[in-house]
1. Cα gyration tensor of the chain, axes a ≥ b ≥ c as square roots of the eigenvalues: rounded (a/c below 1.5), prolate (a/b > b/c) or oblate?
2. Once you list every other residue whose beta carbon is under 14 Å from the beta carbon of Glu180, what net charge do they have if Lys and Arg are +1 and Asp and Glu are -1?
3. Rounded to the nearest 5, what is the percent of antiparallel bridges among the DSSP beta bridges in the chain?
4. On a full-extension model of 0.36 nm per residue, what is the gain between Ala291 and Gln152, subtracting their alpha-carbon distance, rounded to one decimal in nm?
5. When the chain is fully extended, how far beyond the present Cα-Cα distance does Ala302 get from Val50, taking 0.36 nm per residue of separation?
6. Can you give the FRET efficiency for Glu211 and Glu23, using 1/(1 + (r/R0)^6), R0 = 56 Å, r = Cβ-Cβ distance, to the nearest 0.05?
7. Provide the per residue accessible area, probe 1.4 Å, for the chain, rounded to a whole number of square angstrom.
8. Name the residue from Leu45, Leu283, Leu206 whose Cα lies farthest towards the positive end of the charge dipole of the chain, charges +1 on Cβ of Lys and Arg and -1 on Cβ of Asp and Glu.
Amino acid sequence: MTVEETLRDLVAIDSVSSRSNAEIIAYLESRCIKTGLVVKRFSHLDESGVEKINLVALAGADFGNHPPVELALAGHTDTVPFDPVWTGALRLAEKGGKLFGRGACDTKAFISAALTAVAEIDLNELTKPFALVFTADEEIGCLGAKRLATAQLFTARYAIVGEPTSLQSMRAGKGYCLAEIMVRGREAHSAYPELGASAIFRAARLIERIERIAEELKNDQRAGFDPPYTTLNVGLIEGGTAKNVVAGECRFTLEWRPVPGQQTDRVLRLVEQAIDELRGNDLDFICEIEAARADESFETRADSPLVRFLEQASGNASGTVAFGTEAPSLIALGADAVVFGPGDIRVAHRTGEFVPVDQLRKCVGILRLAIERFCV
């Protein structure tokens, strides 16, 4: 099958994160078996009771005690939801040298290229073990990859993590962290505010302190990132029950993306310090923090053989990404990890998502060369 035909098949499978990915895993499993790979499913139920599956396919090794893999190609099988108005979301369409469809860019293009590259290689010529890794629930927290990292089912020396990078190798990435913050007050009739304490006013004072923290963190910079510092964002806020009631609660979501070398909980420690300072002027200041997510940043050295190979093969200098990826999970398995793939992240997740045909085809060749370089 051509890489375009494979991508057509994958796009036709609805693998939105809220659904089970069993259908797309069955397709990938069948393709891997036909190619001569040894496959194994790792299944679990998510918090909603929906089956989610990670699939690992090996060449040159079996599933004994933590098989060492020289090179792993990893791609996530899930996609973000799509607007029902986009009636062609699950039908791959070509126009102007671009292939349109949900997941065409993020990241079924990479998976299609990986399958095609493996099919073009005589696996009998491999001298070092190779793996394809297909994960679940990347779009909602890289949950599948984290499970593989925790289980330590195999180790890897090098890993290419599929994401749309326009075929630029990304050797470093920011982390991704979330916290839900609840500020409490005391309800009262708004005509007599002194009888209560506004949770919204209290939250506003805390958010103003968080804005100051964001400014302070701009002084801790890492060259090569855009922007070169940890960013903070309050993206959601909700509070109060009625226009004439002093608000008893106010909840907001804080997000931050730490640069490499910075602890993921540094922002939380600074927020907790700000809360202590606010209590100095308001003894009844009550605030609860629920740390919801703490994904590590990552950085692979510039002189890694994998970084150098991808720079040479793609013709692009390596760079960095500010969005979350599965690279830290592959690093936890021992790998030098690089994020790489066809397509542009700026067109991912939107109606009309696409991957350029020329990038898709070029990716096949680069991944084939990578397998030959590290495993033959």
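1. Working: a/c = 2.25, a/b = 1.91, b/c = 1.18.
Since a/c reaches 1.5 and a/b is larger than b/c, the shape of the chain is classed as prolate.
2. -2
3. If we restrict to bridges inside the chain, about 70 percent are antiparallel.
4. Working: separation 139, 0.36 × 139 = 50.04 nm, distance 2.50 nm.
Gain in length upon complete extension: 47.5 nm.
5. In short, 86.7 nm is gained.
6. 0.80
7. It amounts to 44 Å² per residue over the chain.
8. Going by the charge dipole, the pick is Leu45.
The values are calculated or read from the model by the stated rules, or taken from the named source; none is laboratory data. The model shown is predicted, which means the values in this text are computed figures rather than measured ones. Cβ atoms come from the backbone with ideal geometry, glycine included; neighbour counts cover every protein chain shown. Accessible surface areas use protein heavy atoms only, side chains included; no ligands, DNA or RNA. Shrake-Rupley method; radii C 1.70, N 1.55, O 1.52, S 1.80 Å.
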